[in-house]
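Down below is the structure, laid out as C-alpha cells.
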Amino acid sequence: IINPIMYGTTDQAHYRFCDRQINDGTQSAHIFRKVPEEALGLITLKIPGSFNMANALAAISAAMELGIPFETCQRTLNAFSAIWRRFERVGQWNGIEIISDYGHHPTAVRLTLEAAREFFPNKKILLCFQPHQHARTEAFFDEFVEALSQADGLVVPEIYRVEGRTEQEIVSSLGLVKALQKKHPELSVHHAMTFDEAEEFLVRLVEQQPDCVIVIQGAGSIDELARKMTNKPPRPLQNLHISRHCERSFIIE
C-alpha cells in the first residue's frame, strides 16, 4: 500500500480519537488529524461501544481524504441512530428497553454486552442469544461460554440451522447451557426449544431482575422475538405465570 492512511487512538495515526465519554445514552470523542496537526472537533454518537467510535473514525478518515469537510461528517454522525439489527433499540415491553443485534460470534457477543453496560450502567443486562450454525458453535464453543457468561441472565434457544449449507448437528444449545451452568453456577441461564419458551424465560428473568435491559441477539431468525416482545401487552410482574412445560426446562440434568 502506498502512503496508507491510519486511524486509531495512538499518536502515530493520521486520524485519531481521544477522551471518549459516555453521557445519558450517547458517547462522544474529540477527533484529531495529524497531517497537518489539527483538532477537528467533537463527534457524538447515539450508538454505544468503542468499536463504533472506531467505525465512525474510519468513516471520517475516508470521507475527509476524499475532500468531504469535517463539519459534514460531524453533522451526519451526530444524527446517525443505528441501522437494522446493529444495537437497534426496537422498542419496550413493560417499560424495559429491547435491543436487537445481529452479532453471532463470541467477540460480537462480548462487545455488545460491554456496550450495553456503558449505556445502561445501572441496569441488569438480560441476553437471549440464538447461536448461528452448528459448525461455528462447535469451533468457538469455549469462547461462546466465556462471552455469554458476561450477561446477568441468559436464554439460549436452539441453534439456527442455515439451509443450503452443510449443517451436521454436532452440538446443541443445550450443550452450551450445561457448560455455562457448570463453569458459572451463579448465572441464571436457560435453554429454550422454541421462541415461545424463550419469551417465557425472558419474562421470568424480568420478574427476578425488573430493572433491566433485554438484548436479543443472533444472525438467524431471533429478531422475530424482539419484534414480538415490543408488541406484547404489558403485565404486572407479580401476576406473571410460567407454564409447567417451560418451568420443567429450568432443570438441566
Problem set entry | Filter result for the condition that a residue is assigned to a loop (DSSP other than H, G, I, E, B) and surrounded by fewer than 19 Cβ atoms within 10 Å (Cβ to Cβ), over ILE47, ILE22, ILE83 | ILE83
For this session: Taking only region 34-44 into account, find how many residues are open to solvent by less than 50 Å² (accessible area, probe 1.4 Å) and within 16 Å of ALA63 (Cα to Cα).
Result: 3
For this session: Pairs only if they're at least six apart or on different chains, beta carbon under 8 angstrom, first in region 49-71 and among the charged types (D, E, K, R), second assigned to a helix (DSSP H, G or I) and open to solvent by less than 10 Å² (accessible area, probe 1.4 Å); list them, first residue then second.
Result: none
For this session: Look at region 56-77 and say how many of its residues are surrounded by 15 or more Cβ atoms within 10 Å (Cβ to Cβ) and not hydrophobic (A, V, I, L, M, F, W, C).
Result: 3
Problem set entry | Odd one out for VAL35, checked against (1) part of a loop (DSSP other than H, G, I, E, B); (2) within 15 Å of ILE216 (Cα to Cα) | (2)
For this session: Could you grab me the full set of residues in region 72-97 that are touching a residue at least 40 places away in the same chain (Cβ under 8 Å) and of a type in the set (A, V, I, L, M, F, W, C)?
Result: PHE87, VAL90, TRP93, ILE96
Problem set entry | Residue ranges of strands (runs of 3 or more DSSP E) in region 116-197 with at least 2 members open to solvent by less than 70 Å² (accessible area, probe 1.4 Å) and over 19 Å from VAL213 (Cα atoms) | 188-192
Problem set entry | Failed condition for VAL90, given (1) assigned to a helix (DSSP H, G or I); (2) surrounded by 15 or more Cβ atoms within 10 Å (Cβ to Cβ) | (1)
For this session: Please indicate, with yes or no, whether at least one residue in region 62-78 is in contact with an Asp or Glu (Cβ under 6 Å, 6 or more places away or on another chain) and either in a helix (DSSP H, G or I) or at pLDDT 95 or above (or both).
Result: no
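The values are calculated or read from the model by the stated rules, or taken from the named source; none is laboratory data. A quick note: this is a predicted structure, and the numbers were derived from the prediction, not measured. Reconstructed Cβ throughout: ideal geometry from the backbone, glycine too, with neighbour counts over all protein chains shown. Just the protein is used for accessible areas: all its heavy atoms, side chains included, with ligands, DNA and RNA removed. Shrake-Rupley method; radii C 1.70, N 1.55, O 1.52, S 1.80 Å.
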